[in-house]
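First up is the structure itself, then whatever we jot down about it.
Just so it is clear, none of the values below were taken in a lab; they were calculated from the coordinates. None of these values were measured; they are calculated from a predicted model. Reconstructed Cβ throughout: ideal geometry from the backbone, glycine too, with neighbour counts over all protein chains shown.
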Amino acid sequence: MKSEHINHTFLDSVLSGEQVDSYYHLGITSDDPLIEKMLELRAVIMGGSGNRINEFAQSWSAEHEDAEIIRFPKEDRFVIRYTAGVLFVSHGMGMPSASIAVQEIMRLVYFIHRGSLDRISEVFWARVGTSGGVGVPAGTIVVTSEALMPDLKPYRVFDGGKGTTWFESSFPVETAEAILKANGEEEIPMTVGKTVATNEFFLEQFRLDGAIVLADLDRKMEWLTWLSENNVRNIEMEGAMFAGYLNYWGFRSFAMVCTTMLNRLEGDQVTATASQLQAYNERSGTVIFNYLRTII
Ligand code: R2B
Ligand code: URA
């Protein structure tokens, strides 16, 4: 871990009991008795939708002798469940929402593991999600190698200290390879490639079907072709921040596994039927569960 990047001033004062941390958007505090039930935490699995998180937790619990499912009490921002060593967390849509979930969960992980960098670094993180494919058929699973913003530059924020802070965009190669290996028996189309994460579903993804449109067909195809030539395989809305914040603390093992709902080279609208979309969605869950079973 990169200890110099961890906010020890605040987090260690919580550990020592000088102050109680309020994980405001999660709806718990560091003195909540719930925390004692999560000491075996080994993985954090995130996804956009609360329903999906609930289903994940139920399946994981069923595989582990119906292990107790701990429900976080507040559900109006994020849905959070803990069961059998895994924290399942919804993050909403987009980096502004997901960054809140990621930061508060990082604080919680630090607290649960009493600031032990060895134990914290062993926690595996994944985002399991949906995306638009770039030159791959709908239903393909993309395991991200690197997540960039729409200008193919890494995630950055305007911060109070130095102006703009840039974050690292890469995902650990070994983890991506291990995910492919764990799914060798599955007949699921899978590829490893770069992902673009945008701050807007319509404009920053160069869609022509929004209420507001800024690009035209030539500009859209020029952008999508540029992405494709640079080995981008899908577009979504959280990955660049996710990689950036986990790299910043120096987590060793994390991944993003997204299913593609359409091929953006062929259009903008998601037109697959509800049952097709459900089948595509299930694939990313299958892929991450197959990997989780190899590590937990
Ligand atoms: C993928 O799908 C959502 C938008 O439809 C967004 O959260 C994402 O990254
Ligand atoms: N999610 C996105 O962000 N973009 C798509 O095209 C599909 C899902």
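Observations, loosely collected:
- Relative packing of 98-106, 275-283, which averages over residues the other C-beta atoms within 10 Å, highest first: 98-106, 275-283
- The stretch 129-296 shape via C-alpha gyration tensor axes, a/c threshold 1.5: oblate
- For the stretch 152-251, a/c is not less than 1.5, where a ≥ b ≥ c are the root eigenvalues of the C-alpha gyration tensor, and a/b does not top b/c. That puts it in the oblate class.
- Hydrodynamic radius by Kirkwood, which averages 1/r over all alpha carbon pairs of the chain, in angstrom: 19.6
- Taking only the C-alpha atoms of the stretch 4-119, the Rg (one decimal) and the largest Cα-Cα distance, Dmax (whole number), read 13.9, 40 Å.
- Each peptide in 43-51, 138-146 gets a packing score, the mean of other Cβ atoms within 10 Å over its residues, and the list from highest to lowest is 138-146, 43-51.
- Members of Lys37/Lys194; Lys2/Lys181; Lys194/Lys220; Lys2/Lys194 lying beyond 27 Å, as alpha-carbon distances in this model show: Lys37/Lys194; Lys2/Lys181
- Net charge of neighbours whose Cβ lies under 13 Å from the Cβ of Asp31, counting Lys and Arg as +1 and Asp and Glu as -1: -4
- DSSP-defined antiparallel bridges as percent of all bridges, the stretch 1-122, nearest 5: 60
- Each of Phe158, Ile188, Ser145 was placed along the dipole of the stretch 144-195 (beta-carbon charges, centred on the mean Cα), and the one lying farthest toward the positive end is Phe158.
- For the chain, the Cβ-based charge dipole about the Cα centre amounts to some 240 debye (Lys, Arg positive; Asp, Glu negative; other atoms uncharged).
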